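Heads up: the structure comes next, in structure tokens.
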Amino acid sequence: METQQEKEILRGGQFIVKETKCEDVFTPEDFNEEQKMMRDSVKEFNDREIIPHKDRFEAKDYALTEEVMRKAGDMGFLSVSVPEAYGGMGMSFVSTMIVCEYISSGTGSFSTAFGAHTGIGTMPITLYGTEEQKQKYVPKLASGEWFGAYALTEPGAGSDANSGKTTATLSEDGKSYKINGQKMWISNAGFCNLFIVFARIENDKNITGFIVEQDPSNGITLGEEENKLGIHASSTRQVFFSDTVVPVENMLAGRGEGFKIAMNALNIGRIKLAAACLDSQRRITTTAVEYANERKQFNTRISDFGAIKMKLAEMATSTYAGESASYRAAKNIEDRIAMRQAAGNSHQEAELKGVEEYAIECSILKVAVSEDLQNCADEGIQIFGGMGFSKDTPMEAAWRDARIARIYEGTNEINRMLSVGMLVKKAMKGHVDLLGPAQAVADELLGIPSFETPDYSELFAEEKEMIAKLKKVFLMVAGAAVQKFGPELEGHQQLLLAASDILIEIYMAESTILRAEKNAKRFGEKEQEIQIAMAKLYLYNAVSIVEKNGKESIISFAEGDEQRMLLMGLRRYVKYTNYPDIVDLRNTIAEKVKADNMYNL
Ligand SMILES: Cc1cc2nc3c(=O)[nH]c(=O)nc-3n(C[C@H](O)[C@H](O)[C@H](O)COP(=O)(O)OP(=O)(O)OC[C@H]3O[C@@H](n4cnc5c(N)ncnc54)[C@H](O)[C@@H]3O)c2cc1C
């Protein structure tokens, strides 16, 4: 049963049918003193222990990764999300995002090691472990005395994670399981002390999770370090289990519960991965503008060329958008956890349900921010020209390191399809009312459009109207597609991908506008001029993406009069009354980034 209070908070995915007031979103400008202190301390750690050693990380110095992980443990950074009862700091969800963000930008190698340990290597125990399991393992993981790894993927089971062939066989005396199988791409495998291993018992439909201590004398062997494109000093190995004995009390949750554990651990991993990309985007933008302000061609600083200004503006804008959406969702999760705890749930249950509720937003953020980081790094190389292609400049490694974020924690294709799939499921369960609003849009399409020009004098009046119209595009496309294909929609992947891109752009654009609006109200419009420009630029780009994907979708499933009507609706919903001067917006943003010689927004 839900409490009354719960019903009043926007549920995950509800943003697509409801308007959010800017006062109701959390932004990085809302960090409290404790969070700011934490951020500064993590930044300082990153500047001291990670950034100066980039060359060693690139040279595959795995020992350095382990050494810095231990130092992070000494500083308490590995324990931020662990409850105090198990030796952690028990900090809020937003605070854990901050740590994850600011510790991750030095190198993807450390970022991956940190994420694999604190997220998927530790969380399955804090969230699903028994009291004994938590007492036994979590304090060691929180302090950095032990390191964790997460062994789900197998050579034949990647995206299809529940299809793994690793087996767990109960001993005759019923006291232990023997694990046999091969795991692949396991981050931290080379130096971890325990694995969260997923294996199948008999012919169970779903896999089961186990806590397996690393002990080579217990049938555990490792493959060689993988020879990877990026994240060179992140230990990634195959792990072979041969009659590895695991006591029955090391089973996580119940038999057959492993797939659920794996998916929920990944939900948290996804939003944290978005956070991990953010400070990298910031640093890449800063490094790019520093170079562009120095480098001269044709007797001109290259940062004075419109072509370079355009890149700097887009890089800064996507960074700002990523920050806006990540912290909006993180605070929603935090509030939901608090609400559940207030309603009597244990911390464990509350956190699980809180994150699960926003699984759609977690997938959206994973996709959007990992792709923005990749684009940022790519444009960073372009701004450096030939020097960008050299291993002696930071862009080359940043570009390679960024690439993995689109693959792990569920590939971006899988996350795109999940985001829409989960939303449709929520609608079917009655958690988000898509049907009513979709019907209202269908009715509106049959009516005569209003030709009145609304009053756009207030800040973002037209932009907010545009967001409402983009939501109608989603409802129009998704509603018609669900009606047409019903449960078969799952098989129409290109349609799902297009719908997902529409969903993603709406969430990102709306979050960006709400942050700029909230800050303009409290700090003044003049002071927030650049942020306002970024919100407008982001929205403009989002509208083009929505238009392209909407058009492709409609043409793919509708014909004749229906197609004409839907395309007409699409044109109506992506049309500005007053088009923003995008070149001017980009120039304004770029001049600020150039003047600051850094991303400072
Ligand atoms: C450096 C690195 C570190 C990693 N760390 C870990 C770790 O610590 N623990 C762990 O368990 N795993 C880890 N992984 C594994 C990672 O999670 C998987 O690589 C990822 O889930 C994709 O699985 P796959 O490689 O088998 O690709 P596949 O699943 O074979 O996918 C190949 C392509 O097909 C697409 N595809 C697959 N299924 C579908 C579908 N149904 N519909 C449409 N498209 C589809 C994918 O999107 C992708 O583009 C790591 C991987 C790497 C490279």
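The values are calculated or read from the model by the stated rules, or taken from the named source; none is laboratory data. No experiment lies behind these values; they were computed from the predicted model shown. Please note: Cβ atoms are built from the backbone with ideal geometry, for glycine as well, and neighbour counts cover all protein chains shown. Accessible surface is based on the protein model in full, side chains and every heavy atom, while ligands, DNA and RNA are left aside. Shrake-Rupley method; radii C 1.70, N 1.55, O 1.52, S 1.80 Å.
Among the residues of the stretch 119-146 satisfying the criterion of being assigned to a helix (DSSP H, G or I), open to solvent by less than 20 Å² (accessible area, probe 1.4 Å) and without any contact (Cβ under 8 Å) to a residue 60 or more places away in the chain, which is farthest from the ligand (Cβ to nearest atom)?
Taking the stretch 119-146 first, the residues assigned to a helix (DSSP H, G or I) are 119-120, 123-128, 131-143.
Next cut, open to solvent by less than 20 Å² (accessible area, probe 1.4 Å) only: 119, 123-127, 133-134, 137-138, 141-142.
Imposing the further condition that a residue be without any contact (Cβ under 8 Å) to a residue 60 or more places away in the chain reduces the set to 134, 138.
Working: LYS134: 21, VAL138: 19 Å.
Ranking the candidates gives LYS134 first.
Within the stretch 507-601, which helices (runs of 4 or more DSSP H) (wholly inside it) include 2 or more residues that are closer than 26 Å to GLU323 by Cβ? Reasoning before the result, please.
Numbers: elements: 529-557, 560-573, 582-596.
Ranges flagged: 529-557, 582-596.
Quick check: anything in the stretch 560-571 within 16 Å of the ligand (Cβ to nearest atom) and farther than 29 Å from ILE589 by Cβ?
Of the residues in the stretch 560-571, the ones within 16 Å of the ligand (Cβ to nearest atom) are none.
Looking through the stretch 560-571, none of the residues is within 16 Å of the ligand (Cβ to nearest atom) and farther than 29 Å from ILE589 by Cβ.
Please determine, by comparing only the residues of the stretch 206-242 that are in a loop (DSSP other than H, G, I, E, B) and small (Gly, Ala, Ser), which one is nearest to the ligand (Cβ to nearest atom).
SER234
For the stretch 164-184, name all the residues that are at positive phi and either outside the structural domain of ILE220 (by the TED database) or surrounded by fewer than 21 Cβ atoms within 10 Å (Cβ to Cβ) (or both).
Across the stretch 164-184, the qualifying residue is only GLY174.
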Subset of the stretch 201-259, residues closer than 23 Å to SER187 by Cβ and basic (Lys, Arg), comes to LYS228, ARG237
Selection from the stretch 208-256 of residues buried (at least 20 other Cβ atoms within 10 Å of the Cβ) and out of contact with any strand residue (DSSP E or B) (no Cβ under 8 Å at 6 or more places or on another chain) yields GLY230, ILE231, HIS232, ALA233
ASN345 vs (1) open to solvent by 50 Å² or more (accessible area, probe 1.4 Å); (2) assigned to a loop (DSSP other than H, G, I, E, B): all pass except (1)
Taking first residues from the stretch 400-418 that are part of a helix (DSSP H, G or I) and second residues anywhere that are near the ligand (Cβ under 7 Å from one of its atoms) and open to solvent by 30 Å² or more (accessible area, probe 1.4 Å), the pairs with Cβ under 6 Å that are 6 or more apart or on different chains are ILE414/SER159
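From the list ASN180, ASN203, exactly one residue is assigned to a strand (DSSP E or B), more than 16 Å from the ligand (Cβ to nearest atom) and over 17 Å from LEU252 (Cβ atoms). Which is it?
On the way: ASN203 fails: assigned to a strand (DSSP E or B).
Within the list ASN180, ASN203, the selection yields ASN180.
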Going through the stretch 152-163 in order, the residues found to be surrounded by 15 or more Cβ atoms within 10 Å (Cβ to Cβ), of a type outside the set (A, V, I, L, M, F, W, C) and either within 27 Å of SER81 (Cβ to Cβ) or away from the ligand (no atom under 12 Å from the Cβ) (or both) are THR153, GLY158, ASN162
When restricted to THR319, THR286, the only residue modelled with pLDDT of 95 or more and open to solvent by less than 10 Å² (accessible area, probe 1.4 Å) is THR319
Checked pairs for the stretch 491-510, first free of Cβ contacts under 8 Å to residues at least 12 places away in the same chain, second surrounded by fewer than 24 Cβ atoms within 10 Å (Cβ to Cβ), C-beta under 9 Å and 6 or more apart or across chains, list as GLY491/PHE485
**Report entry** Test result for MET69, within 16 Å of the ligand (Cβ to nearest atom), in the same structural domain as GLU33 (by the TED database) and hydrophobic (A, V, I, L, M, F, W, C)
**Finding:** yes
Residue hits (the stretch 438-462; of a type in the set (S, T, N, Q) and more than 36 Å from the chain's Cα centre (by Cα)) are SER450, THR453
request  = Could you please let me know if ALA359 is within 15 Å of the ligand (Cβ to nearest atom), of a type in the set (A, V, I, L, M, F, W, C) and either surrounded by 24 or more Cβ atoms within 10 Å (Cβ to Cβ) or within 22 Å of the chain's Cα centre (by Cα) (or both)?
outcome  = no
Expected single match for of a type in the set (A, V, I, L, M, F, W, C), in a helix (DSSP H, G or I), within 13 Å of the ligand (Cβ to nearest atom) and closer than 21 Å to SER234 by Cβ among ALA149, ALA116 is ALA116
The helices (runs of 4 or more DSSP H) lying entirely within the stretch 1-84 that contain at least 1 residues which are of a type in the set (A, V, I, L, M, F, W, C) and open to solvent by 20 Å² or more (accessible area, probe 1.4 Å) are 33-45, 62-74
